[in-house]
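Here is the structure we will look at.
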Amino acid sequence: MDWLTTVDHKKIGILYLIAGGFFFIIGGLEAMFMRIQLFKPENDFVAAETFNQLLTMHGTTMIFFAAMPLIFAFMNAVVPLQIGARDVAFPFVNALGFWLFFFGGVLLNLSWLLGGAPDAGWTAYAPLSTTSEGSGVDFYVLGLQISGAGTLVGGINFLVTIINMRAPGMTFMRMPLFTWTAFVTSGLILFAFPPLTIGLFMLMFERVFDANFFNPDNGGNILIWEHIFWIFGHPEVYILILPSFGAISEVVATFSRKRLFGYSAMVFATVLIGFLGFMVWVHHMFTVGLGPVANSIFAVATMAIAVPTGVKIFNWLFTMWGGKIVFSTAMLWAVGFIPTFVMGGVTGVMLAIPSADYQFHDSYFVVAHFHYVIVGGVILGLFAGLYYWYPRMFNRVLNETLGKIHFWTFFIGFHLTFFPQHFLGLMGMPRRVFTYLSGQDLDQLNFISTIGAFLMAIGTIVLFVNVIISTSKKYAPSSDPWHGRTLEWAIPYPTPEYNFAQTPLVRGLDAFWIEKAAGNKGMTPAEPVGDIHMPNPSILPLIMSIGLFVAAFGLIYDTMTVVVIGMAITFISMFFRSVIDDHGFHIHKEEVEEDLKGVKL
């Protein structure tokens, strides 16, 4: 019950991590089934219809229900600690955001058991999605609507938290890079998710009420969906990659034993990437016939966004230059991330040239590029963050030897899987095909690609074994196992419910490092010890989300009674939240002082 009702950002971060890990396994299994099907020519491991469902569910699950919650896991676990806050601005809304995401993901994945998963691709292009038979696409629409609402309130929550709840002295230009990337990501969520919500509403109206937004026969336009989807879809790529950039920045600085090179340039590059991310969506649509002027404008914008990204790459390299580098598991992931992401960026610039894109479009070259950015960028960055912040989240360290086995198997497997796909694309293999003929010189590279996927799977299994082993351990050797630079490492272990007994005084960038250099064991407090106000736990976020979950089934199966029951559950919960005065509770000064006596650092 403690976990079902919690509004503590640290516990919600763990819930996001567990749920994201669960969906990561599901998405990975879907990918494995596809790779086994493409293991050899004219294979019949799965049927064409099943392959389309696997393809759709793999993409949708990995983007929305694996990568996104893992990002929110680290934002929840780390950002309030890095800025010296006791919690996020709206703890209740934070819990609501998690449960909405979780039930959206469960709803989508139940489609496998209830008549078939969506089969129109993770981008759900009209008219394929509007005419898809069965209820698969309805599960897609409503699953993403519910989880998208959770993501949107989460983004707003972190914007308010970072703007309003920084510790004294924590100016914007003293914030750690991970907090900066979380801030820009939250801004992107605020502006990118409403277009997706509107597009999904239009798709739902088209399917449920026979609207004609995307039906050319009745005055609609199928390109509207593509524009709406990619106005969301391209900022989504930066929503995913920016927190990974932030994690890499923290890891590289900590394990190079140096301040991050060019901090200000990194901050402005992050903001510029967020700004330009909204100006490049048409590069996904170069072949739809918008004309040379539109294509050229978006080509130039796409190439421009490579500049701030390049700035970051050099900043990481210069941070390592001359540093006393410690090759921990987290640092291995960070070092592996840099050349891998550069490769993804280079193929991105190739795809930014409209005339070249006409040749690359809808080929396996695009699949390779996309995975080099999302897996080689986002997932490698998140693994670096996982090994780095695991002691802060769970008060335990992961085994370094197993961590390095995980790194090498996953990293080599990744390149074996996706590097050959560039050449498969250049040789003419279309994406989204469930089989291919022998005698087309595609056999060998597909075989290598599948072997690589098995290596990635082995690496992931090693990670889970490592996590299971770590649960049997006692606490980490100290609250600061990596000799960290930022505030999250200044808190004793196990982490108290209220984070900081006294709000810290921040005296510069890398605030904890400054205090350690001055010979202090902990942070200089900005206030005397006093009573600490804490929010009460609440079951209402869970009940609200269950209400929307129930209502979604009513819409899918056209049963208005179920819709009314589900919405009633949600609105009654909202009513109780509004009328019951919940003032929280106080942890008294004496308890806090008692805790401070037994502090271990």
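Summary of values
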read-out: Residues being touching a Pro at 6+ places or on another chain (Cβ under 9 Å), part of a loop (DSSP other than H, G, I, E, B) and among the small types (Gly, Ala, Ser) - total across the stretch 421-450; value: 2
read-out: Which numbered condition Ser244 misses (of (1) within 30 Å of Ala330 (Cα to Cα); (2) surrounded by fewer than 19 Cβ atoms within 10 Å (Cβ to Cβ); (3) small (Gly, Ala, Ser)); value: (2)
read-out: Within the stretch 10-112, helices (runs of 4 or more DSSP H) holding 2 or more residues that are small (Gly, Ala, Ser) and touching a helix residue (DSSP H, G or I) at 6+ places or on another chain (Cβ under 9 Å); value: 68-82, 91-110
read-out: Criterion: hydrophobic (A, V, I, L, M, F, W, C), touching a residue at least 60 places away in the same chain (Cβ under 8 Å) and within 29 Å of Gly459 (Cβ to Cβ) - qualifying residue of Val78, Val93; value: Val78
read-out: Residue in the stretch 260-271 that is under 21 Å from Ile297 (Cβ atoms), assigned to a helix (DSSP H, G or I) and out of contact with any strand residue (DSSP E or B) (no Cβ under 6 Å at 6 or more places or on another chain) present; value: no
read-out: Test: Phe411 is touching a residue at least 40 places away in the same chain (Cβ under 8 Å) and open to solvent by 20 Å² or more (accessible area, probe 1.4 Å); value: yes
read-out: The stretch 1-21 residues that are within 22 Å of Ala85 (Cβ to Cβ) and surrounded by fewer than 18 Cβ atoms within 10 Å (Cβ to Cβ), paired with ones that are modelled with pLDDT of 95 or more and among the acidic types (Asp, Glu) (beta carbon under 8 Å, 6 or more apart); value: none
read-out: Close pairs from the stretch 334-347: first under 17 Å from Phe365 (Cβ atoms) and touching a residue at least 40 places away in the same chain (Cβ under 8 Å), partner open to solvent by 10 Å² or more (accessible area, probe 1.4 Å) and in a helix (DSSP H, G or I), Cβ under 6 Å, at least 6 apart; value: Thr347/His369
read-out: Subset of the stretch 416-432 (residues that are of a type in the set (A, V, I, L, M, F, W, C) and either closer than 14 Å to Phe370 by Cα or surrounded by fewer than 21 Cβ atoms within 10 Å (Cβ to Cβ) (or both)); value: Leu416, Phe418, Phe419, Phe423, Leu426, Met427
read-out: Members of the stretch 506-533 that are part of a strand (DSSP E or B) and in contact (Cβ under 8 Å) with a residue 40 or more places away in the chain; value: Ile532, His533
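Yes/no matrix, rows are residues, columns are (1) at pLDDT 95 or above; (2) among the basic types (Lys, Arg); (3) open to solvent by less than 30 Å² (accessible area, probe 1.4 Å):
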{"position": "Ile273", "(1), (2), (3)": "yes, no, yes"}
{"position": "Gly277", "(1), (2), (3)": "no, no, yes"}
{"position": "Val280", "(1), (2), (3)": "no, no, yes"}
{"position": "Phe314", "(1), (2), (3)": "yes, no, no"}
{"position": "Ser328", "(1), (2), (3)": "yes, no, yes"}
{"position": "Leu332", "(1), (2), (3)": "yes, no, yes"}
{"position": "Val335", "(1), (2), (3)": "yes, no, no"}
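Table: residues versus (1) out of contact with any helix residue (DSSP H, G or I) (no Cβ under 9 Å at 6 or more places or on another chain); (2) assigned to a helix (DSSP H, G or I); (3) at pLDDT 95 or above; (4) open to solvent by less than 30 Å² (accessible area, probe 1.4 Å).
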residue	(1), (2), (3), (4)
Gly452	no, yes, yes, yes
Ile458	no, yes, yes, no
Ser470	no, yes, no, yes
Lys474	yes, no, no, no
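The values are calculated or read from the model by the stated rules, or taken from the named source; none is laboratory data. Just so it is clear, the structure is predicted and the values come from calculations on it, not from any experiment. Note: ideal-geometry Cβ built from the backbone for every residue, glycine included; neighbour counts use all protein chains shown. Note: areas computed on protein heavy atoms with side chains; ligands, DNA, RNA excluded. Shrake-Rupley method; radii C 1.70, N 1.55, O 1.52, S 1.80 Å.
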